[in-house]
Each structure stands twice: as structure tokens, then as C-alpha cells.
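The values are calculated or read from the model by the stated rules, or taken from the named source; none is laboratory data. This is a predicted model, so every value here is computed, not measured. Virtual Cβ from ideal backbone geometry, glycine too; neighbours counted across all protein chains shown. Areas reflect the complete protein model, heavy atoms only, side chains present, ligands, DNA and RNA absent. Shrake-Rupley method; radii C 1.70, N 1.55, O 1.52, S 1.80 Å.
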Amino acid sequence: MLHTWKVDEGVRVRPRTRPVKGCIGIRIRPFRRTDEEYAAVAAIVARAPAGEVCDFEYSNPAALRAFDEVFASDALPRRYVAVAPDGAIIGYAHTFPTTWIAEPGGFWAAVRVLPAYRRLTIGRQLLARALGEAHAAGGLFALAQVREQLADATDFAEQTGFTEMLRSWEMLLDPRAVDVAPLQRHVARAEASGIRLTTLAAQRAVDPDWLPKLHALHFTLNRDVPLPDAPNITLEWFEQFALTCPEAFFIAMDGDRYIGESVMHPDERQPGVLKQHLTGVLREYRGRGVAMALKVLTIAYAQTCGYTQISTWVESTNASMLAINERLGFTRHPGLVVYRQDLT
């Protein structure tokens, strides 16, 4: 039968002939910021296997709304939805400014369609609309991300004009298998050079200005990270992030200056697992073993608290952190491919 598309709110797509189960008319329109549509988009993500979900995708409606609210009113994510004849939202795409990247003109793009509606060009049409809006907003390039083990997803990215930029691999460690005692030399060496190593739990008790200082450090370090925890590191967001588990937020200090950090949170979905977020050191302090010392402290913490796994992510372009993790016994697993497309 004939698969037809409807024209809706300025979006014009070509009909295509394809045998399908019935005649399906799909409309593509802008997302409406209502509770119902936040729930519908989040439900699409929730139906995807955990191993297919990428960064900046949210299966909880409140988390998705909170994500939108970290953007200024003139830089809100531009989100579009595909709507079935019965009114159900069966796919979405969005773009938003890559505020964490120093290079101007960047936008992040994501698209997801329910499995039953794939291979009908819905994803292509959603993505084309979202990228068009990014270009109209002054976008010079777009970044997108897929799981590297999903051949269909990597093919889709390449067929829609993206080229691979880097990979981000998950690295896993069983802390119970690590002999921390000989690794303490890295901690001693850093401390002997004048660097003090502590935790946020301890620092909060002695420094009333910890929040703006640590926020400034985290913001600076994120400028060097292709895949940060949040697109906008606001003070409010960071305070909640930092205080999730302050005893597992390790800090390196030079006098009163915050110069490095390694942050871990318990994984709410997997008991016994620690998610290691950013580990970083200011540029002028790199090459002095501070990052290694911080990582050793995180492993010791995991052992003391009875955790059975540490999970972290490292980009293929970060040779030094890849080397540190491999020296400590982390093993590499399939991860994410980051793609780039020129919008000019």
C-alpha cells in the first residue's frame, strides 16, 4: 500500500511507495512544551535498551524538562516530533547549542524513532528539520552520537552526512582485583610536590567558598571534554551534582587553589557500581602525576565501601587518560562514536 506523509506546520516531505501494514500518515511538527509531550518523548527513550541510549537522552519526563530549563530562553533545544494518525508521538529529534565547546557555532543533534516506525524515512525527516533549524540559528556544525556496536545507527549517521570525529569507550574496573598498596606511591609523590588531596566532604567543613571555587574548576575542565555531564554547568546544577556523593568527590589543591578533581557517583540502576565522571587537572599542573593520584584514591574508596565495579568513559583523543586507566587495570568496552557535520 502507499505510505503517505502529511504536510504540517511548514514541513514538506515527499511521499514514498513502500509496502506497509496499512496506510500510515505521519505529521512532523514542533514539540510542544506540555507535560504530555515531555512524557511522550521520555517514553520513547525509556523503551530503548539501556545499551542503546546516548548522552542527553532522558527517560524521565522531569529530567527532560530540567534539561531544557538549563538553557537560556533564546537557546532552548529545538525539538520536533513525528505524530501518528492516532496522535501518538512515535519519534523525535532535537538540536541545542554545544555551550561547553570553545569552538563557536556548534549544535548537538539527536534523533530517535520507535522500532516499529524505523526505515520509513521518519528519522531522516526529523533530523533534516532539526539541523535546518540549527543552521537558521547560526549553527556552523553539528555533532551527533551513536553506540558503536549498532551498525544500523552508524550507517544512518554516515548516510545523513555525518563523519566520524572520535570515539568514547567505556572502561570498567573491578576494584577488588587491584592491589592499592603499591599504587599509594603516586599519592605520596603528588603530596611531596606540594599538592594536597582531599574530598569535598572534608573541604566543605573548612572552606565556606568551596562552591564557587569548585564550580569554576569544573567549568574550566569541562571545556576540554567533548562529552560533558551537562551542556550548561550552572552553579545550581553543579551544586546538586557535587553534593550527590561528596565523600566520593576527590579534589587536588595547591594551597587554597582547586586544581584537579575526580568525581564518582553510585549508579542508581546497578547496585555495587560507581560511575566515575570527570577526572581532570588544570593544564599548568598536568604531567605531574596528579590525575593518577586522584584515580588511586577513587579505587581505594571503592574498595573501602565494598563496590564491585567502577565505570568510566574516555575519549579516543585523550591518550594520557587512556594510558592511566589501562595502567590501573581498566578494560575497554564498546562505547560511543561522535560524528560531525558541516552546516555551512
From the protein chains alone at 1.4 Å, what is the descending order of accessible area for S316, S73, S311, largest first?
S73, S316, S311
Helix-only [θ] at 222 nm, the chain, -39500 (n - 2.57) per DSSP H run of 4+, per residue, nearest 500, equals -9000 deg cm²/dmol
Please give me, ordered by residue number, the trypsin sites (Lys or Arg not before Pro) of segment 265-344 that lie in loop per DSSP and have at most 14 other Cβ atoms within 10 Å.
R269, R286
Once you have a ≥ b ≥ c as the square roots of the Cα gyration tensor eigenvalues for segment 241-344, tell me rounded if a/c is under 1.5, and otherwise prolate or oblate according to whether a/b is larger than b/c.
oblate
Hey, in the GNM for the chain with a 10 angstrom Cα cutoff, which one of G138, G87, G161 fluctuates hardest?
G87
Suppose every K and R has +1 on its Cβ and every D and E has -1 on its Cβ; what is the size of the dipole of the chain about the Cα centre, in Debye to the nearest 20?
1040
Kindly identify segment 44-126 as rounded, prolate or oblate by the Cα gyration tensor criterion: order the square roots of the eigenvalues as a ≥ b ≥ c, call it rounded if a/c is under 1.5, otherwise compare a/b with b/c, prolate if a/b is larger, else oblate.
prolate
Under the rule a/c < 1.5 gives rounded, and otherwise a/b versus b/c splits prolate from oblate, where does segment 178-227 land using the Cα gyration tensor?
oblate
Would you mind pulling out the separation of the Cα centroids of segment 55-111 and segment 280-314, in Å?
32
Could you grab the relative contact order for the chain? Cα pairs under 8 Å, six or more apart, rounded to a whole percent.
19
What is the packing order of peptides 120-126, 243-249, taking the mean over residues of other C-beta atoms within 10 Å and listing the highest first?
120-126, 243-249
Taking loop as defined by DSSP and a crowding limit of 13 other beta carbons within 10 Å, which chymotrypsin sites (Phe, Trp or Tyr not before Pro) in segment 51-90 fit?
none
Given C-alpha coordinates of the chain, what is the ratio Rg to Rh with the Kirkwood estimate of Rh?
1.02
K213/A66 FRET efficiency (R0 22 Å; Cβ-Cβ; nearest 0.05)
0.30
Neighbourhood charge, 9 Å Cβ-Cβ cut-off, centred on D68 and excluding it, Lys, Arg +1 and Asp, Glu -1
+2
Given +1 on the Cβ of Lys and Arg, -1 on the Cβ of Asp and Glu, and no further charges, what dipole in debye does segment 204-314 carry about its Cα centre, rounded to the nearest 20?
360
Of D152, D68, D229, the most mobile residue in a GNM of the chain (C-alpha springs, cutoff 10 Å) is D152
Checking Q145, Q309, Q270 against a Gaussian network model of the chain (alpha-carbon springs below 10 Å), the top fluctuating residue turns out to be Q270
State which helices in the chain qualify, where a helix is a whole DSSP H run, it must extend 20 Å or more along its own axis by its Cα atoms, and its mean Kyte-Doolittle hydropathy must be at least 1.6.
none
Expressed in nm to one decimal, what extension gain is obtained for the pair D86 and T34 from 0.36 nm per residue of sequence separation less their Cα-Cα distance?
16.9 nm
